[in-house]
Amino acid sequence: MTNSPTRQHFRQRFRLRPPPLPEPRGPLSAAVTALLRGARGGSVPSPESCSPYGDDLQLALYILYELHYQGFQDVPDSLEWNGALLAHRGAIESRFLDALRHDVPIDPAETAEQVLDELQLEPVGDDGTGVSYFLRDEGSLDQLRVYAAVRSLYHLKEADPHAWVLPRLHGRAKGAMVAVEFDEFGAGRADEIHAQLFADLMADLRLDPTYGRYVDAAPAEALATVNLMSLFGLHRALRAALVGNFAAVEVTSSPASRRLAEALRRVGAGPAAVRFYAEHVEADAVHEQVVRHDVVGGLLADEPHLDADVVFGIRATTHLESRLADRLLGSWRAGATGLRAVPRGGTAYGPGCGAPGAHGSEPR
């Protein structure tokens, strides 16, 4: 049955209003937030004194990237291309990207084809003890709700970051990427857009599907996985790394989605929650082949010198996903939620600029 206009409007309401600015997590994100609120004359700490994977830097970067997506309440749209903000963003990006290049070394002899072969081996992307395995075998409904809240930072903008690469591809790679993105955007049906399906999953799990609702509760490790896509997508020089990120997501999605659908069925979740992951089992199995052979293959046929960049995109993605998995699994096994404890008024900061360990990459 076709949804009525009223029903469609209700279901899409989560995307129609920009979210409020998140609560700062340190001096860097506080300074960025103050600039967006119109402060004048304040200084912005150097990101070189910040932990590259820490809460403060990752939130500051997330906020600056979000100006290119939905923006924020009471923040003028004109600030999207503000020169001073772009300069601050560039410095923060450099800190993040330098850390990734240090922590994700690339073997010059390694090819994108070889790395994708590794990802296709079961267990896909991990040793069988990852988050989707845990949730399938022993995860509680509350832990699945936490996982959905954390993943909402990406899934409520699903496919948007990867669309940045379309003008930067050619021929076979462009055509194949458009075909996959067409599916991600619901094949022309608003109620089938994957971001909308995830909003339906959240509502089924009694979570608030409002865009940006759980940013304050999401740990830095979750912010970093989303920031990575924006970093790659907003820089033409990193277009092949974005293709690598997309390939890593699609290759690992189908098996993980099957496990998550099983987990939701086991805990008695509703049909909308199960449907999101069940849809991805078959769709992403097809997408995996298209991305591997036509998007990656087409890109490297046109620009073979970008092979190492594709590998970097894949490796950086699995590196940050592993950090997030370690955070969630470590918290759950210790009896914690995995979410950040947001203090009243948001005045207590986590690791940030000048914090112990801020002058180098944090250990995994």
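The values are calculated or read from the model by the stated rules, or taken from the named source; none is laboratory data. Treat the numbers as computed from the prediction; the structure is a model and nothing was measured. Here the Cβ positions follow ideal geometry from the backbone for every residue, glycine too, while neighbour counts run over all protein chains shown. With ligands, DNA and RNA removed, areas are computed over all heavy atoms of the protein, side chains included. Shrake-Rupley method; radii C 1.70, N 1.55, O 1.52, S 1.80 Å.
Per residue, the chain exposes an accessible area of 43 Å² to a 1.4 Å probe, with every protein chain left in place.
Here each label is just a point 7 Å from Cα along the line to Cβ, and for GLU303 and ASP77 those points are 3.0 nm apart.
In the frame of its principal axes, the chain has Cα extents of 53, 49, 43 Å, reported largest first.
Using a probe of 1.4 Å on the protein chains alone, the accessible area found for HIS68 is around 20 Å². Using a probe of 1.4 angstrom, how much of the accessible area of the chain is carbon and sulfur, in percent? Looking at the chain in its full context, I get 53 percent from C and S. If the Kirkwood radius is taken over C-alpha pairs of the stretch 187-346, then at 20 °C and 1.002 mPa s the Stokes-Einstein diffusion coefficient equals 122 µm²/s.
Length gained on full extension, SER94 to GLU48: 15.6 nm, using 0.36 nm per residue less the C-alpha separation.
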